[in-house]
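Engineer: Provided herewith is a single structure, encoded as structure tokens, for subsequent inquiry.
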Amino acid sequence: MSERRVFGRSLVIWWWLALAASAPLYVHILWEQTALTWQRGPQMIGFSLAHQHPEIILLGLVGYAGMLVWLVAAGVSALRRRSLPKGVQLAYLVVTVVAVLVAFVPYHIWASLGGVTVRQ
């Protein structure tokens, strides 16, 4: 029995491109907000990255916007097909929702997980 796919090939390609574009920025920002802050104290998040590699910031923001638009397009696709994603396609959806939500977690919360106090 073949599995009916909720997201078409173009949405899957779009997802991979958005992930590839945004991942370096996500990883760097999360590293600064957590491990680097816990090890060396409060940081100016993104300052050195923006001054040394602004292309990562720009590409990451484009990728993040692509993920937001992908969420809308994926929702429309699921509604049109009246079906929920399963398997790998559900993983695409979960990863995207988590990535979008993680970006909204304030810096002081990440820092406090390591016992560091940061002025708000």
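Any read-out appearing in this document is the output of simple, stated calculations on the displayed coordinates, not a laboratory observation. Just so we're clear, the structure is a prediction, and the values are computed from it rather than from any experiment. Cβ atoms come from the backbone with ideal geometry, glycine included; neighbour counts cover every protein chain shown.
Engineer: If you work out Cα Rg over 2.2 N^0.38 Å from the coordinates, which of (i) 1.27; (ii) 1.42; (iii) 1.17 do you get?
Structural biologist: (i)
Engineer: Classify the stretch 54-93: rounded, prolate or oblate, from the alpha-carbon gyration tensor (a ≥ b ≥ c, eigenvalue square roots; a/c under 1.5 rounded; otherwise prolate if a/b is larger than b/c)?
Structural biologist: oblate
Engineer: Right, something else. Roughly what angle does helix 54-81 make with the longest principal axis of the chain, taking Cα atoms, 0 to 90 degrees, to the nearest 10?
Structural biologist: The two axes meet at around 30 degrees.
Engineer: What does a probe at LEU113 reach in the stretch 16-60, counting residues whose amide N is under 18 Å from the point 7 Å along Cα→Cβ?
Structural biologist: 23-46
Engineer: I would also like to ask the following. Compute the FRET efficiency between HIS53 and LEU79 as 1/(1 + (r/R0)^6), taking r as their Cβ-Cβ distance and R0 = 35 Å, and round to the nearest 0.05.
Structural biologist: 0.35
Engineer: If you take the beta carbon distance between SER10 and VAL62 as r and set R0 to 25 Å, what does 1/(1 + (r/R0)^6) give as a FRET efficiency, to the nearest 0.05?
Structural biologist: Efficiency computed from Cβ-Cβ geometry: 0.90.
Engineer: Where the centroid of each part is defined by its Cα atoms, how far is the stretch 72-108 from the stretch 1-68 in Å?
Structural biologist: 15 Å
Engineer: For the chain, find the longest principal axis of its Cα atoms and tell me its angle to the long axis of helix 9-31, 0 to 90°, nearest 10.
Structural biologist: Once rounded, the angle reads 10 degrees.
Engineer: Using helices alone, what [θ] at 222 nm do you get for the chain, with -39,500 (n - 2.57) per DSSP H run of 4 or more residues, divided over all residues and rounded to the nearest 500?
Structural biologist: The per-residue figure over the chain is -22000 deg cm²/dmol.
Engineer: Hey, another quick one. Along the Cα-to-Cβ line of VAL72, 7 Å from the Cα, sits a label point; which residues in the stretch 7-25 have backbone N less than 17 Å from it?
Structural biologist: Once the point is set 7 Å along Cα→Cβ of VAL72, 11, 14-15, 18 turn out to lie under 17 Å by backbone N, inside the stretch 7-25.
Engineer: What is the sum of charges, Lys and Arg at +1 and Asp and Glu at -1, for the other residues whose Cβ falls under 11 Å from the Cβ of GLY8?
Structural biologist: +4
Engineer: Between MET44 and ALA23, what's the calculated FRET efficiency when r is the beta-carbon distance and R0 is 22 Å? Round to 0.05.
Structural biologist: According to the calculation, E is roughly 0.50.
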